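Read-outs throughout are calculated quantities, based only on the coordinates presented, and are distinct from any laboratory measurement. None of these values were measured; they are calculated from a predicted model. Here the Cβ positions follow ideal geometry from the backbone for every residue, glycine too, while neighbour counts run over all protein chains shown.
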Amino acid sequence: MATKFFLLAFSALWASRALASDPGQLQDFCVADRTSQVFVNGFACKDPKTVVVEDFLFSGLHMAGNMSNKQGSAVSAVNVAHIPGLNTLGISLARVDYAPYGQNPPHIHPRASEI
Ligand SMILES: *[C@@H]1O[C@H](CO)[C@@H](O)[C@H](O)[C@H]1NC(C)=O
């Protein structure tokens, strides 16, 4: 009885892991084509032949944002609007600068992740 339970539990665990990943992704990257007139959830993919290294780079997070505002903080966001290569990956990041006693008001990021 205990053996059957463990076998069943192991099978369930194994099956859930098998379903949790995509072993054969359809594409390596989908660089955002922000000029496309196609409306999808996200941005349409740029022609891979026109992808350049700059589609995956961003520079500027070493500079503090302007904290002269009511919140006393500045959010410098970096997302698909700044790095087209992040398209479809669900990844973004931000630098937040705080002046003394500054704050970043509580907020949420529905269906998103952020570093
Ligand atoms: C920072 O923002 C304040 C308020 O908008 C503005 O007056 C000031 O010129 C800005 N400073 C810089 C360095 O951009």
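Do we find a residue being more than 16 Å from the ligand (Cβ to nearest atom), in contact (Cβ under 8 Å) with a residue 12 or more places away in the chain, touching a strand residue (DSSP E or B) at 6+ places or on another chain (Cβ under 6 Å) and within 27 Å of THR35 (Cβ to Cβ) anywhere in the stretch 65-76? No, that holds for no residue.
The residue of the stretch 41-57 that is nearest to the ligand (Cβ to nearest atom), among those that are assigned to a loop (DSSP other than H, G, I, E, B) and surrounded by fewer than 14 Cβ atoms within 10 Å (Cβ to Cβ), is LEU57.
Only residues that are surrounded by fewer than 14 Cβ atoms within 10 Å (Cβ to Cβ) and part of a strand (DSSP E or B) were counted in the stretch 97-115, giving 0. Taking the residues in the stretch 77-95 that are of a type in the set (Gly, Ala, Ser) and closer than 17 Å to VAL53 by Cα as candidates, determine which candidate is farthest from the ligand (Cβ to nearest atom). Only one residue fits best here, namely GLY85.
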